[in-house]
Amino acid sequence: MVAGVNQQREISDLFARTIEKQQLGHAYVFEGAAGTGKKMMALWVASSLFCEQRQAGGFPCGECANCVRINTHQHPDVVEVAPDGNSIKVDQVRELKAEFSKSGVESNRKVFIIEDAEKMTAGAANSLLKFLEEPEGDVTAFLLTTAKNRLLPTILSRCQEVHFSPFPKDQRRKELEEKGVSSSKAALLVHLTQDMEKAVEWSEDEWFQSAVDTILRFRALLDRKDPQAFVFIQTDLMPVFKERPQQELALELLLTCYRDLLNYHYNRKEDLAFPQRQAELEAASNSFSGRQIVHTLTVLLESRKMLDSYVAAQGVFEQIVLKLMDTK
Ligand SMILES: [Zn+2]
């Protein structure tokens with residue numbers, strides 16, 4: 001079975017049973033963080049529906065012509081829609097509906113999968129809504145989203161919701177190592193993202209490595225309460241972290257450093273993001289009290305809120321330095 005589906009075994013079992021009993025609904029919202037296997041699951045359910053040699057228990061064979069075409073995104077009755085630029089536009093939904101008003105190209109069944117469904121424009125959402133109210137024929141829609149609260153309530157109320165939990169860190173770390181990522185990088189990456197594709201991408205990215213190095217140098221200055229930290233923001237930090245998503249990562253890396261310190265301090269060494277830096281953690285752990293580490297984390301979490309509300313990054317980092325310098 002496909003890795004992502006295997007990790008969401010409860011969900012695939014549920015759908016397999018539903019399909020066997022021929023009780024599949026018309027519309028589902030798959031909700032969960034990036035990288036939790038939502039798309040894979042939608043394709044898997046489609047495979048199960050179209051499989052020419054479906055196995056006992058409702059599982060697709062994964063090998064017949066239909067299974068192969070679905071998994072390579074080439075099945076005419078399984079239609080996938082993704083944002084065109086930043087949004088899913090009304091024309092895209094109209095095309096989809098036109099597609100569905102024809103009977104299935106090869107059967108009477110159709111499946112459509114809308115990625116990033118929260119990015120539907122109001123027009124697109126309303127157009128979809130009409131369709132969900134009066135489904136024509138044997139149609140099942142999967143709306144995939146990382147931000148369920150941004151879907152129209154009227155759409156949500158017509159869909160059955162399925163929540164996708166993140167995979168456990170251990171499991172993700174092993175998977176990354178199997179993909180050739182070094183164990184130290186894998187340990188860090190699973191703390192930063194649940195999205196395996198992104199993790200692999202970062203592991204091969206030189207920028208990412210320099211980002212980590214820069215943050216570790218910044219942290220060393222902060223730990224020593226070295227006023228140089230203030231200058232470092234302008235000379236070293238900002239040139240590396242230019243864009244907003246990069247600046248968010250900078251803060252996330254910093255948070256990860258101090259979470260590690262807190263874990264180390266309280267002897268929870270099995271979940272470290274930087275397991276290879278135990279000597280430094282040991283030293284830092286001796287010079288900080290648990291209360292001080294918690295205070296640092298609080299400052300960083302407050303800064304994350306500022307960054308989320310679009311305060312300029314340089315100002316956010318400068319405030320971190322000022323607040324931490326001030327700590328007794
Ligand atoms: Zn098959």
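The values are calculated or read from the model by the stated rules, or taken from the named source; none is laboratory data. This structure is a prediction, so every number in the text was calculated from the model and none was measured. Virtual Cβ from ideal backbone geometry, glycine too; neighbours counted across all protein chains shown. Heavy atoms of the whole protein, side chains included, go into the accessibility calculation; ligands, DNA and RNA do not. Shrake-Rupley method; radii C 1.70, N 1.55, O 1.52, S 1.80 Å.
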Seminar exercise, completed: With +1 at each Lys and Arg Cβ and -1 at each Asp and Glu Cβ, the charge dipole magnitude of segment 3-164 around its Cα centre, to the nearest 20 debye, comes out at 180 debye
Seminar exercise, completed: The long-range amide H neighbours of ILE114, using H built 1.01 Å from N in the peptide plane and a cut-off of under 5 Å, are VAL81, PHE142, LEU143, LEU144
Exercise. By per-residue mean of other Cβ atoms within 10 Å, what is the highest-first order of 42-50, 233-241, 278-286, 125-133?
Worked result: 42-50, 125-133, 233-241, 278-286
For this session: Quickly estimate the mean residue ellipticity at 222 nm for the chain, helices only: each DSSP H run with n ≥ 4 gives -39500 (n - 2.57), and the total goes over all residues, rounded to 500.
Result: -16500 deg cm²/dmol
Exercise. Which far-off residues, 5 or more places away or on another chain, put their amide H under 5 Å from the one on MET120, with H placed in the peptide plane?
Worked result: ILE88
Seminar exercise, completed: For segment 205-325, the Kirkwood Rh over every pair of distinct alpha carbons, in Å, works out to 14.5 Å
Exercise. For segment 54-62, what does the Karplus curve 6.51 cos²θ - 1.76 cosθ + 1.60, with θ = phi - 60°, yield as ³J(HN,Hα) per residue in whole Hz, taken in order and with x for Gly and Pro?
Worked result: 4, 8, 3, x, x, 8, x, 6, x
Seminar exercise, completed: Computed about the Cα centre, the charge dipole of the chain from +1 Lys/Arg and -1 Asp/Glu charges at the Cβ has a magnitude in debye, to the nearest 20, of 720 debye
Seminar exercise, completed: Of all GluC sites (Glu not before Pro) in segment 224-254, the ones in DSSP coil with at most 15 other Cβ atoms within 10 Å are GLU243
Exercise. How large is the accessible surface per residue of the chain, computed with a 1.4 Å probe and reported in Å² as a whole number?
Worked result: 50 Å²
Exercise. For segment 238-328, which whole-number percentage of the solvent-accessible area (1.4 Å probe, protein heavy atoms only) is attributable to carbon and sulfur atoms?
Worked result: 53 percent
For this session: Check each of the chymotrypsin sites (Phe, Trp or Tyr not before Pro) in segment 150-208 and keep only those in coil by DSSP with at most 15 other C-beta atoms within 10 angstrom; list them in order.
Result: none
